[in-house]
Amino acid sequence: MAPRAPRKNAYATNHDNFIQQFTQRENEKRRINKPKPRSAKERAALREKLKDLQFLLPDHADGTKINIAGILKKWKVYCHAAELGDWKETIKKLSRPVAQDFLDHLCERWNITSWSTSWIYWRQFKQLFTSVTGQFFDRNDNNEVRKWHDTVLVTRWGLRPPNVDGKPVLGTDDLLALQTFNIAYDDTIFPSERHRVQLLGCYLLLAFTGARPGEIVDNEKKKPKDGSWQDIYGRKTIETEDSDDGNKDLDEADRLLEEMLFQETEYRGRPKALCYEDIFLSIVRHPETGKDVPTMSIKFIHHKGEDRRPKPTIFLFTGTRRLMFCIVTIIISLAISDQAFDAPSLKSVADVFKIRNRGPEQCQQLRWKEKWLKRPIFRGFEGSAVSPEKALPYDKLNDDMQRQTLDAGFEQAFGPRAFRRGAANKANGRASDAVRDQMMRHDPKWATFNSAYINEKVQFHLERVVADEPTEDCLIDLFTHMSMTRDPRASQNMVPAEVLRKLPPDPEIAQLEDRRDQLKKGRYRIQGTEHEDQIRELTKKIRTKRTQREKNLRKQYRQYYFYNRPTWEIERQLAGES
């Protein structure tokens, strides 16, 4: 048989780059050091030490640990107020009456309005109890605490049921109104206009995927700085029995056990947000038309419960007919701005759309530069410059979205989480239940959609069906979304100047100002004076109360406006006014 001729390689100029990558990865593998195998004697000593180990702290998710540290802070406040002594000794000797009194203290000290919030605090406290003592809270005592909470505390503190006001469900018209306002009418000054494009991308991804905001931007909680975290998680063990037998092998086992318990978890070296390595851009030949079209797939990995049950979900995007809804174009624009494409010739969005599939290929993949793979695509700012590695904080996204929804004329402010319910209700009925639950990352056996996500406004014209008449589906669709009561004339701060002039002063603020004036004694500079600390504290309180009053004034006037505007309009029409 004649020897086969080698295939012609059009990319032979890249061999040096491959050799460099290959040798680099070989060197990295050589540097990986596995632990030294233990002898039978060492393992016997280790087993003896494990017998003395009473309890290991539960491997909770970071968010759960922060919640437990937060409830510890409240427990310390309670122990100090009730004069119970050291918090750790008190929780080790915890009795049912103390637990019931602590729950009452939570409702008294903190601003709790819903009974679901108070009960969540109690569940966190039980986790704290287990983390400190290594034991579960007694089931009978827990039932008594529940009855105490439901029959006494709910009534005493006027706690309302959760979700009594309903949850917003956003539809296509709501998304279009928000996108249009963000691009054309919002006159807010951002650190950079890139942030406006980032908001467009965040809104579209949240609406098109039903993802939680923490899968796209940085929503990690911060560890408390009061020492509560170190008090609980400073050590991974709670109790060990001392064993003073002078055995050298056991002393060595102590050291080995300490190394095992306190070894650090290796993370992926990237923030918990949507990064470039999660995005797969390509130019695909359409199987029917034969045209080359840009497509994109995104893998979402930072879903709820990822620490225990990783369940990545990949969504596909092919672009939309309306440019306002084209998330592919927005991602390409941000990548061009970052110069993140591995191909140096891709310098504009037009360059990307010029790419074609030539020869046998049906897909032309657009690769990222290696240094950009673990960087977030939606990033925060350092002054007026975009941060190279810091992900966009959830607080910034939430504040901007709530402000824009109010300025766009929606009756109520809603945040990024509202898109998730809208996506779930759009998929319901159009996709199978299995696909819907996959998109929402729901476990089918719990029927989470039907219990927590389904729109409380029934999306069916039952009246016409019972009356054997044609249904008005377009009206039903309008009724079930937020934009039905939208008024473009409304804004976030719409309090008239006349109301501000006639508004009486707050007596509490006036009293604090009088007290401050007495301490200042007519002096402008207070540095180095006798009452400097008191004056600064009073100034801080006055500023806080003014801010709270202004916020409440704006909120209540919007409610007053939206409630009375229909009546005002009816009176104007019947009076013959234009």
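Considering (1) without any contact (Cβ under 8 Å) to a residue 12 or more places away in the chain; (2) assigned to a loop (DSSP other than H, G, I, E, B); (3) not assigned by the TED database to the domain that holds residue 420, say which one residue 566 fails and leave the rest.
Exception for residue 566: condition (2).
So which of 249, 307, 245 is part of a loop (DSSP other than H, G, I, E, B) and at pLDDT below 65? Spell out the reasoning first.
Numbers: 249 fails: part of a loop (DSSP other than H, G, I, E, B); 307 fails: at pLDDT below 65.
Just one listed residue meets the conditions, 245.
Does residue 190 meet the test of being within 19 Å of residue 398 (Cα to Cα), of a type in the set (Phe, Trp, Tyr) and assigned to a loop (DSSP other than H, G, I, E, B)? Let's see the steps before the verdict.
Values: within 19 Å of residue 398 (Cα to Cα): yes; of a type in the set (Phe, Trp, Tyr): yes; assigned to a loop (DSSP other than H, G, I, E, B): yes.
Against the criterion (within 19 Å of residue 398 (Cα to Cα), of a type in the set (Phe, Trp, Tyr) and assigned to a loop (DSSP other than H, G, I, E, B)), residue 190 qualifies.
Need a quick list: strands (runs of 3 or more DSSP E) entirely within the stretch 362-414 having at least 2 residues that are farther than 16 Å from residue 338 by Cα. Before the answer, list the steps.
Values: elements: 363-366, 379-382, 385-391.
Passing ranges, in order: 363-366.
For the stretch 458-476, does any single residue satisfy the condition of being touching a residue at least 40 places away in the same chain (Cβ under 8 Å), within 29 Å of the chain's Cα centre (by Cα) and either surrounded by 13 or more Cβ atoms within 10 Å (Cβ to Cβ) or assigned by the TED database to the domain that holds residue 556 (or both)? Let's see the steps before the verdict.
Narrowing the stretch 458-476 to residues touching a residue at least 40 places away in the same chain (Cβ under 8 Å): none.
Looking for residues that are touching a residue at least 40 places away in the same chain (Cβ under 8 Å), within 29 Å of the chain's Cα centre (by Cα) and either surrounded by 13 or more Cβ atoms within 10 Å (Cβ to Cβ) or assigned by the TED database to the domain that holds residue 556 (or both), one finds none in the stretch 458-476, hence no.
Give me the residue from the stretch 417-433 that is more than 30 Å from residue 566 (Cβ to Cβ) and outside any helix (DSSP H, G or I) and, out of that set, nearest to the chain's Cα centre (by Cα). I'd like the intermediate steps shown before the answer.
Step one: of the stretch 417-433, the residues more than 30 Å from residue 566 (Cβ to Cβ) are 420, 423-424, 427-433.
If we keep only those that are outside any helix (DSSP H, G or I) too, we end up with 428-432.
Working: 428: 24, 429: 28, 430: 28, 431: 26, 432: 27 Å.
Ranking the candidates gives 428 first.
I'd like to know if the stretch 158-173 contains one or more residues that are of a type in the set (S, T, N, Q), on the phi < 0 side of the Ramachandran plot and either assigned by the TED database to the domain that holds residue 337 or surrounded by fewer than 21 Cβ atoms within 10 Å (Cβ to Cβ) (or both). Before the answer, list the steps.
The initial filter retains those residues of the stretch 158-173 that are of a type in the set (S, T, N, Q), namely 163, 172.
Checking which are on the phi < 0 side of the Ramachandran plot leaves us with 172.
This time we only want the ones that are either assigned by the TED database to the domain that holds residue 337 or surrounded by fewer than 21 Cβ atoms within 10 Å (Cβ to Cβ) (or both), so: 172.
Looking through the stretch 158-173, at least one residue is of a type in the set (S, T, N, Q), on the phi < 0 side of the Ramachandran plot and either assigned by the TED database to the domain that holds residue 337 or surrounded by fewer than 21 Cβ atoms within 10 Å (Cβ to Cβ) (or both).
With respect to residue 450, is the statement that it is in a loop (DSSP other than H, G, I, E, B), at negative phi and not acidic (Asp, Glu) true? Before you say what the answer is, go through the steps one by one.
Details: in a loop (DSSP other than H, G, I, E, B): no; at negative phi: yes; not acidic (Asp, Glu): yes.
It is false that residue 450 is in a loop (DSSP other than H, G, I, E, B), at negative phi and not acidic (Asp, Glu).
Would you mind stating whether residue 367 is modelled with pLDDT of 90 or more, basic (Lys, Arg), within 30 Å of residue 565 (Cα to Cα) and surrounded by fewer than 20 Cβ atoms within 10 Å (Cβ to Cβ)?
On the way: modelled with pLDDT of 90 or more: yes; basic (Lys, Arg): yes; within 30 Å of residue 565 (Cα to Cα): no; surrounded by fewer than 20 Cβ atoms within 10 Å (Cβ to Cβ): yes.
The answer is no for residue 367.
Could you identify the single residue in 330, 355, 298 that is of a type in the set (Val, Ile, Thr), part of a loop (DSSP other than H, G, I, E, B) and touching a residue at least 24 places away in the same chain (Cβ under 8 Å)?
Values: 330 fails: part of a loop (DSSP other than H, G, I, E, B); 298 fails: part of a loop (DSSP other than H, G, I, E, B).
Among 330, 355, 298, only 355 is of a type in the set (Val, Ile, Thr), part of a loop (DSSP other than H, G, I, E, B) and touching a residue at least 24 places away in the same chain (Cβ under 8 Å).
For the list (1) closer than 22 Å to residue 399 by Cβ; (2) surrounded by fewer than 13 Cβ atoms within 10 Å (Cβ to Cβ); (3) among the polar types (S, T, N, Q), I need the number of the one condition that residue 567 fails.
Here residue 567 meets the rest and fails (1).
Any chance you could count how many residues in the stretch 337-349 are assigned to a helix (DSSP H, G or I), out of contact with any helix residue (DSSP H, G or I) (no Cβ under 6 Å at 6 or more places or on another chain) and not acidic (Asp, Glu)?
Taking the stretch 337-349 as the starting set, the residues that turn out to be assigned to a helix (DSSP H, G or I) are 337-338, 349.
Narrowing further to those that are out of contact with any helix residue (DSSP H, G or I) (no Cβ under 6 Å at 6 or more places or on another chain): 337-338.
Within this subset, residues satisfying the condition of being not acidic (Asp, Glu) are 337.
The total comes to 1.
Would you confirm whether or not the stretch 530-545 contains a residue that is closer than 30 Å to residue 168 by Cβ, loosely packed, with under 11 Cβ neighbours inside 10 Å and among the charged types (D, E, K, R)?
no
Looking only at the stretch 488-497, decide whether some residue is part of a helix (DSSP H, G or I), among the hydroxyl-bearing types (Ser, Thr, Tyr) and out of contact with any strand residue (DSSP E or B) (no Cβ under 7 Å at 6 or more places or on another chain). Lay out the reasoning, then the answer.
Residues of the stretch 488-497 part of a helix (DSSP H, G or I): 497.
So of that shortlist, the ones also among the hydroxyl-bearing types (Ser, Thr, Tyr) come out as none.
No - not one qualifying residue is present in the stretch 488-497.
In contact (Cβ under 8 Å) with a residue 60 or more places away in the chain and more than 26 Å from the chain's Cα centre (by Cα), is that true of residue 342?
Working: in contact (Cβ under 8 Å) with a residue 60 or more places away in the chain: no; more than 26 Å from the chain's Cα centre (by Cα): yes.
No.
Among the numbered conditions (1) assigned to a helix (DSSP H, G or I); (2) over 30 Å from residue 304 (Cα atoms), tell me where residue 504 comes up short.
So the condition that residue 504 fails would be (1).
Just one of the numbered conditions (1) touching a Lys or Arg at 6+ places or on another chain (Cβ under 9 Å); (2) buried (at least 17 other Cβ atoms within 10 Å of the Cβ); (3) of a type outside the set (Ser, Thr, Tyr); (4) closer than 18 Å to residue 191 by Cα is not true of residue 401; which one?
Looking at each condition in turn, residue 401 falls short on (1).
Pairs only if they're at least six apart or on different chains, beta carbon under 9 angstrom, first in the stretch 482-511 and under 24 Å from residue 187 (Cβ atoms) and touching a residue at least 40 places away in the same chain (Cβ under 8 Å), second among the β-branched types (Val, Ile, Thr) and surrounded by 12 or more Cβ atoms within 10 Å (Cβ to Cβ); list them, first residue then second.
482/169; 482/405; 492/405
List every residue pair whose Cβ atoms lie under 6 Å apart, where the two residues are 6 or more positions apart in sequence or sit on different chains, the first residue falls within the stretch 188-210 and is touching a residue at least 12 places away in the same chain (Cβ under 8 Å), and the second residue, located anywhere, is among the hydroxyl-bearing types (Ser, Thr, Tyr).
Pairs found: 191/384.
Checking the condition of a type in the set (A, V, I, L, M, F, W, C), at pLDDT 90 or above, within 30 Å of residue 418 (Cβ to Cβ) and part of a loop (DSSP other than H, G, I, E, B), which residue from 207, 273 passes? First the steps, then the outcome.
On the way: 207 fails: part of a loop (DSSP other than H, G, I, E, B).
Of 207, 273, the one residue that is of a type in the set (A, V, I, L, M, F, W, C), at pLDDT 90 or above, within 30 Å of residue 418 (Cβ to Cβ) and part of a loop (DSSP other than H, G, I, E, B) is 273.
The values are calculated or read from the model by the stated rules, or taken from the named source; none is laboratory data. Note that the structure is predicted; figures quoted are calculated from it, not measured. Here Cβ is always computed from backbone atoms with ideal geometry, including for glycine, and neighbour counts include all displayed protein chains.
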